[in-house]
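Read the structure below first, then the notes.
The values are calculated or read from the model by the stated rules, or taken from the named source; none is laboratory data. Keep in mind it's a predicted model, so treat the numbers as computed, not measured. Note: ideal-geometry Cβ built from the backbone for every residue, glycine included; neighbour counts use all protein chains shown.
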Amino acid sequence: MGVSYIDKVLDATEHTESETDIRIQSEVDRVYRSIPQDTTTIKENGSSYIDVVRDNLSDTVVWNPWIAKSKTMGDFEPKDGYKTMVCVEVGSVNGFQKLEPGETFEAGMIAKAHH
């Protein structure tokens with residue numbers, strides 16, 4: 001894959017993802033920067049589950065609180081939900097989108113379920 005990311009769990013240090021599949025087995029809070037393709041596919045048991053399509057945005061955040069952090073979140077239900085959830089969202093996280101007076105900027109994401 002060769003995409004750089006900031007790992008917030010590891011003191012916001014920069015790393016490079018060499019795998020095409022990311023397996024979540026502990027707390028994850030990463031900002032993947034400038035991903036070349038515009039679609040990120042979330043898989044379950046090897047099958048495509050959801051496609052997240054970026055529109056005019058270059059960064060993707062992947063987050064899962066895992067055990068310790070989910071226990072500190074009062075509204076996280078069910079308590080073992082970290083085992084079956086992942087948050088994937090897009091944005092201009094790595095830098096600001098500067099707008100001059102009167103300028104506009106449109107962007108977004110589409111989540112498409114396969115099941």
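Among the residues of the range 63-84, those that are in a loop (DSSP other than H, G, I, E, B) and either touching a strand residue (DSSP E or B) at 6+ places or on another chain (Cβ under 6 Å) or surrounded by fewer than 14 Cβ atoms within 10 Å (Cβ to Cβ) (or both) comprise 73, 74, 75, 77, 78, 79, 80, 84. Annotation note: Cβ proximity below 8 Å between a residue of the range 1-19 that is over 18 Å from residue 36 (Cα atoms) and a residue that is of a type in the set (A, V, I, L, M) and not in a loop (DSSP other than H, G, I, E, B) (sequence gap 6+ or interchain) occurs for 8/31; 9/28; 12/6; 13/6. Here residue 60 fulfils each of the conditions (1) in contact with an Asp or Glu (Cβ under 9 Å, 6 or more places away or on another chain); (2) part of a loop (DSSP other than H, G, I, E, B); (3) under 24 Å from residue 17 (Cβ atoms); (4) modelled with pLDDT of 90 or more apart from (2). Taking the range 4-16 as the range and being more than 13 Å from the chain's Cα centre (by Cα) and either acidic (Asp, Glu) or modelled with pLDDT under 90 (or both) as the test, the residues that pass are 11, 14. Entry remark, the range 71-102: residues being over 18 Å from residue 55 (Cβ atoms) and free of Cβ contacts under 8 Å to residues at least 60 places away in the same chain number 21 in total.
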